[in-house]
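Below is one structure; the comments refer to it alone.
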Amino acid sequence: MKFPDQRSLFISALLGLIAFFIAHTMAATLQGQFALVVAISTLLGGVLTALLSTRVSEQEPITSTDAIKTKTIYVGNLPYRANETVVRSLFEEQGTVVNVRLLKDKNTGKRRGFGFVEMAEADAEKAISALNDKEFQQRTLKVREAKQKPDESE
């Protein structure tokens with residue numbers, strides 16, 4: 001079982017704590033212990049809600065490179081206005097996209113007109129064939145398998 005992230009637990013605990021103080025104030029005013037029981041159950045309910053909501057999020061689509069074999073594709077001659085979302089949607093027409101990385105100039109922060117798309121290995125060749133030399137936003141894309149970076153340890 002995957003445990004909830006710290007943010008979910010913090011929010012649940014905070015809401016439970018607020019409910020506890022409200023109920024405690026009511027208990028002091030009403031001089032009853034019913035409100036104290038409500039506060040404690042609210043606190044526990046918040047934690048249980050966080051745990052259960054995490055269980056649902058475990059069913060999200062696979063995006064981990066550990067779960068599927070991937071291949072990295074070089075994409076060149078991209079329009080400078082193209083962002084990761086646009087490039088992702090273009091490649092998703094061909095198959096499963098795991099990651100999109102468009103490179104930017106370190107000094108200016110502007111896109112350099114090329115990047116890399118990590119796709120499911122089974123879909124990569126299809127994407128290369130379909131998108132190489134294709135017109136995209138008035139530019140002709142250059143799409144091929146990315147070359148491996150040489151080891152810097154040698």
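The values are calculated or read from the model by the stated rules, or taken from the named source; none is laboratory data. What you are looking at is a predicted structure, and each value in this text was computed from that prediction instead of being measured. No Cβ is skipped: glycine too gets one built from the backbone with ideal geometry, and neighbour counts run over all protein chains shown.
Below, the figures for the structure above:
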quantity: Unique residue being basic (Lys, Arg) and loosely packed, with under 15 Cβ neighbours inside 10 Å when the list is 71, 104; calculated: 104
quantity: Matching residues in segment 79-95 - criterion: being surrounded by fewer than 19 Cβ atoms within 10 Å (Cβ to Cβ) and touching a strand residue (DSSP E or B) at 6+ places or on another chain (Cβ under 6 Å); calculated: 79, 80, 84, 88, 95
quantity: Which listed residue, of 109, 115, is exposed (fewer than 12 other Cβ atoms within 10 Å of the Cβ), small (Gly, Ala, Ser), assigned by TED's automatic domain parsing to the domain that holds residue 80 and closer than 20 Å to residue 80 by Cβ; calculated: 109
quantity: Condition met for residue 101 (in contact with a strand residue (DSSP E or B) (Cβ under 8 Å, 6 or more places away or on another chain), part of a strand (DSSP E or B) and of a type outside the set (A, V, I, L, M, F, W, C)); calculated: yes
quantity: Qualifying residue in segment 99-116 (condition: in contact with a Lys or Arg (Cβ under 6 Å, 6 or more places away or on another chain) and modelled with pLDDT under 90); calculated: no
quantity: Residue match in segment 129-141 (condition: in contact (Cβ under 8 Å) with a residue 60 or more places away in the chain and touching a helix residue (DSSP H, G or I) at 6+ places or on another chain (Cβ under 9 Å)); calculated: yes
